[in-house]
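Reviewing the structure listed below.
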Amino acid sequence: MRRDMINQVRRFNRTVTQRIGALGDAFLARDRPLGQARVLWEIGSHGSDIKALRSRLDLDSGYLSRLLRALEGDGLVVVEPNGADARVRTARLTRHGLAERAELDRRSDEAAAGILEPLSARQRERLVTAMAEVERLLAASAVRVTGCDPRHPDARRAVRAYVTELADRFEAGFDPALSISATDDEMSPPAGLFLLATLHGEPAGCGALKFRPGARAEIKRMWVAPEARGLGLGRRLLTELEARAAARGGRTLRLETNRALTEAISLYRSAGYREVAAFNDEPYADHWFEKMLPA
């Protein structure tokens, strides 16, 4: 990584933390630090399960517990078993907590207006446009792509979402039982592999390989969650699948896709896949692609 890029990220972090008042113990002139204020806001008016809260904020469980205890001590939060599952703990705002959250919202609006106010109209547009781009890129950098057992609950969730989307987008629907197989065994070593992408602990995408004789592999189950689109995750998954196939000695990658998946078709073509004659009898396929991997 280039040193000048690292230095710029650090300068940006210093500027932002100082400008938004994250350095003090009284964020937005309230008697609590930024961490407590953010947890209070994130719990929301309807409450939140502790596990989901920890994932969304990427917080260590011990640190989150300390933040919640401080908020409980101030009478702003109660932590109790979930009504549907006693094993799950849920944080809820008290009446005072809801009032404090509303006040934080008001002061946050004022703070945001205070940042924009000194700028010209053109500068404001430039700033909010740049902020939106930074937000997208930071979200992209927070995505984690790892090898995963296709039997894992999160992998199951991703594949179910994939199947549901195809059933909705394909003209004739989609029934995986009629499609060429991609079973758990076929997507597990040594026969294949399954990649899972997660964002804040939630499935954000997936992709799989089926290894074939003759240094060939097939790409299956390529999917990106709607909320993660625009982050470059499809290309990242594709690049990682190619690298994994090459590491196994693969030289040819193949895939098939439906004409309804226009975004996927554009991705494959831009990544160097060329359209070839049908190499299988996949009933849902309209296009077949192939790419030679470098030796």
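Here's a check for you: in segment 85-108, which residue that is under 27 Å from the mean Cα position of the chain (by Cα) and free of Cβ contacts under 8 Å to residues at least 24 places away in the same chain is nearest to LYS51 (Cα to Cα)?
Here the residue is ARG87.
When you go through (1) modelled with pLDDT under 95; (2) open to solvent by 40 Å² or more (accessible area, probe 1.4 Å); (3) on the phi > 0 side of the Ramachandran plot one by one for GLY249, which number turns out not to apply?
Only one criterion is unmet by GLY249, namely (2).
For segment 1-22, how many residues are under 22 Å from GLU117 (Cα atoms), without any contact (Cβ under 8 Å) to a residue 24 or more places away in the chain and open to solvent by 100 Å² or more (accessible area, probe 1.4 Å)?
So the count comes out to 2.
Can you go through GLU263, GLU218 and tell me which one is exposed (fewer than 15 other Cβ atoms within 10 Å of the Cβ), touching a Gly at 6+ places or on another chain (Cβ under 9 Å) and without any contact (Cβ under 8 Å) to a residue 40 or more places away in the chain?
Numbers: GLU218 fails: exposed (fewer than 15 other Cβ atoms within 10 Å of the Cβ).
Answer to the selection: GLU263.
Do the conditions hold for GLU227, that is, is it acidic (Asp, Glu) and part of a strand (DSSP E or B)? Give the steps one after another, and end with the answer.
On the way: acidic (Asp, Glu): yes; part of a strand (DSSP E or B): no.
It is false that GLU227 is acidic (Asp, Glu) and part of a strand (DSSP E or B).
Residues GLY207, GLY201: which one is closer than 12 Å to ALA158 by Cα and either open to solvent by less than 20 Å² (accessible area, probe 1.4 Å) or out of contact with any Gly (no Cβ under 7 Å at 6 or more places or on another chain) (or both)?
On the way: GLY201 fails: closer than 12 Å to ALA158 by Cα.
Result of the check over GLY207, GLY201: GLY207.
Among the residues of segment 232-240, is any touching a residue at least 40 places away in the same chain (Cβ under 8 Å) and either over 27 Å from ALA140 (Cβ atoms) or of a type in the set (D, E, K, R) (or both)?
There is at least one residue in segment 232-240 that is touching a residue at least 40 places away in the same chain (Cβ under 8 Å) and either over 27 Å from ALA140 (Cβ atoms) or of a type in the set (D, E, K, R) (or both).
Yes or no: segment 160-173 includes at least one residue that is open to solvent by 40 Å² or more (accessible area, probe 1.4 Å), modelled with pLDDT of 95 or more, among the acidic types (Asp, Glu) and under 21 Å from LEU241 (Cα atoms).
No, because not a single residue in segment 160-173 is open to solvent by 40 Å² or more (accessible area, probe 1.4 Å), modelled with pLDDT of 95 or more, among the acidic types (Asp, Glu) and under 21 Å from LEU241 (Cα atoms).
Mind listing just one residue for me: the one in segment 151-192 that is touching a helix residue (DSSP H, G or I) at 6+ places or on another chain (Cβ under 7 Å) and not hydrophobic (A, V, I, L, M, F, W, C) and, of those, nearest to LYS210 (Cα to Cα)?
PRO176
Scan (1) in contact with a Leu (Cβ under 7 Å, 6 or more places away or on another chain); (2) more than 19 Å from VAL159 (Cβ to Cβ); (3) open to solvent by less than 70 Å² (accessible area, probe 1.4 Å) for the single condition GLY272 breaks and write down its number.
Going through the list (1) in contact with a Leu (Cβ under 7 Å, 6 or more places away or on another chain); (2) more than 19 Å from VAL159 (Cβ to Cβ); (3) open to solvent by less than 70 Å² (accessible area, probe 1.4 Å), GLY272 breaks only (1).
With respect to ALA142, is the statement that it is in contact with a strand residue (DSSP E or B) (Cβ under 8 Å, 6 or more places away or on another chain) and surrounded by 15 or more Cβ atoms within 10 Å (Cβ to Cβ) true? Before you say what the answer is, go through the steps one by one.
Numbers: in contact with a strand residue (DSSP E or B) (Cβ under 8 Å, 6 or more places away or on another chain): yes; surrounded by 15 or more Cβ atoms within 10 Å (Cβ to Cβ): no.
No.
The values are calculated or read from the model by the stated rules, or taken from the named source; none is laboratory data. These figures come from a predicted structure and were not determined experimentally. Please note: Cβ atoms are built from the backbone with ideal geometry, for glycine as well, and neighbour counts cover all protein chains shown. Note: areas computed on protein heavy atoms with side chains; ligands, DNA, RNA excluded. Shrake-Rupley method; radii C 1.70, N 1.55, O 1.52, S 1.80 Å.
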